[in-house]
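Peer 1: First the structure, then my questions, so here it is.
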Amino acid sequence: MEEQWRIANYDPEWRNIFLELGSKLRESLGERAIRIDHVGSTSIIGMDAKQIIDIQISVPNLDNELSYKFRVEEVGFELRRENPDKTKKYFRELPGRSRTHIHVRQSGSFSEQVTLLFRDYLRKHPEDCLAYAQEKHRLMKLFKNERTRYVEGKGPIVWEIIQKAHFWSQEVGWKPEKTDI
């Protein structure tokens, strides 16, 4: 399997890679993007992760694809129409570039908010961050050649963390911090 399909030790360079890509996306999209955020495991300091940068772009109207599609593509990404998740538009890097996942979501939607909540909760709860990383390592050993089973295997711990994050959000009055870019 490719080099990026393994769990690597946390690398502080992931933040710099996001900042470079995020800045290019912000320049291209301007105010068409309400938020541009570093999400996923590479966005959590200290967390082991697959070496894939995940970026969430929040837009006012997901269905108005023409307002953002070409702007994301001009930065070096292509829309993947075969994406089964109807809550987002999914873009990937062009061939030969480092693996990057761009998730364009409707601003204020459940999927946008839960992604930010999950990230913010793990950033503040190192014990759950460690448990999640350990489970990813365990699953990678079991399913290193079966991506679908690896992803499905994360489901129980992801939902457990989301439930904890939900209660935490109520305790602290969580709302998303200012956009990363």
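Peer 1: Assuming 0.36 nm per residue, please report the length gained on full extension of the stretch residue 163 to residue 63 beyond their Cα-Cα distance. Intermediate values should be presented prior to the final figure.
Peer 2: Working: separation 100, 0.36 × 100 = 36.00 nm, distance 2.92 nm.
Fully extending the segment from residue 163 to residue 63 adds 33.1 nm.
Peer 1: Let me understand region 61-114 better: what is its radius of gyration from the alpha carbons, and its Dmax, in angstrom?
Peer 2: When restricted to Cα atoms, region 61-114 yields Rg and Dmax of 11.3, 34 Å.
Peer 1: To continue, here is another question. Which log10 I(q)/I(0) values does region 77-181 give at q = 0.24 Å⁻¹ under the Debye formula, counting every alpha carbon as one identical point scatterer?
Peer 2: -1.34
Peer 1: Region 7-172: Rg/Rh from Cα coordinates, Kirkwood Rh?
Peer 2: Answer for region 7-172: 0.95.
Peer 1: Of 88/164; 124/164; 86/136; 124/178; 50/178; 24/178, which pairs sit farther than 22 Å apart, going by alpha carbon to alpha carbon? Present the calculation step by step, with values, prior to reporting the outcome.
Peer 2: Details: 88/164 24 Å; 124/164 12 Å; 86/136 25 Å; 124/178 16 Å; 50/178 26 Å; 24/178 18 Å.
Going by Cα-Cα distance, 88/164; 86/136; 50/178 fall outside the 22 Å limit.
Peer 1: While we're looking at this one, here's another question. What's the exposure ranking of 47, 140, going from fewest to most Cβ atoms within 10 Å? Numbers along the way, then the final one.
Peer 2: Values: 47 21, 140 16.
With the fewest neighbours first, 47, 140 line up as 140, 47.
Peer 1: Treat the count of other C-beta atoms within 10 Å as a stand-in for reagent exposure and order 148, 100 from fewest to most. Mind showing how you got there, number by number?
Peer 2: Working: 148 8, 100 20.
In order of increasing Cβ crowding within 10 Å: 148, 100.
Peer 1: Still on this model: At what distance in angstrom do the alpha carbon centres of region 163-180 and region 32-98 lie from each other?
Peer 2: 22 Å
Peer 1: Oh, and also: Take every Cα pair under 8 Å in the chain that's 6+ residues apart, average their separations, divide by the length, and report that relative contact order as a whole percent. Intermediate values should be presented prior to the final figure.
Peer 2: On the way: 268 pairs, mean separation 41.2, N = 181.
Normalised by residue count, the contact order of the chain is 23 percent.
Peer 1: Using 0.36 nm per residue of separation minus the Cα-Cα distance, give me the extension gain between residue 11 and residue 32 in nm, one decimal.
Peer 2: On the way: separation 21, 0.36 × 21 = 7.56 nm, distance 3.06 nm.
Taking 0.36 nm per residue and subtracting the Cα distance, the gain is 4.5 nm.
Peer 1: Mark the label point 7 Å from the Cα of residue 70 along Cα→Cβ and return the residues of region 85-109 whose backbone N is within less than 20 Å of it.
Peer 2: Hits in region 85-109 for residue 70 at 20 Å: 89-92, 94, 104.
Every number in this text was worked out from the coordinates using simple rules, so none of it is lab data. Everything numeric here is computed off the predicted structure, so don't read it as measured data. A quick note on method: Cβ atoms are made from the backbone with ideal geometry, for glycine too, and the neighbour counts reach across all protein chains shown.
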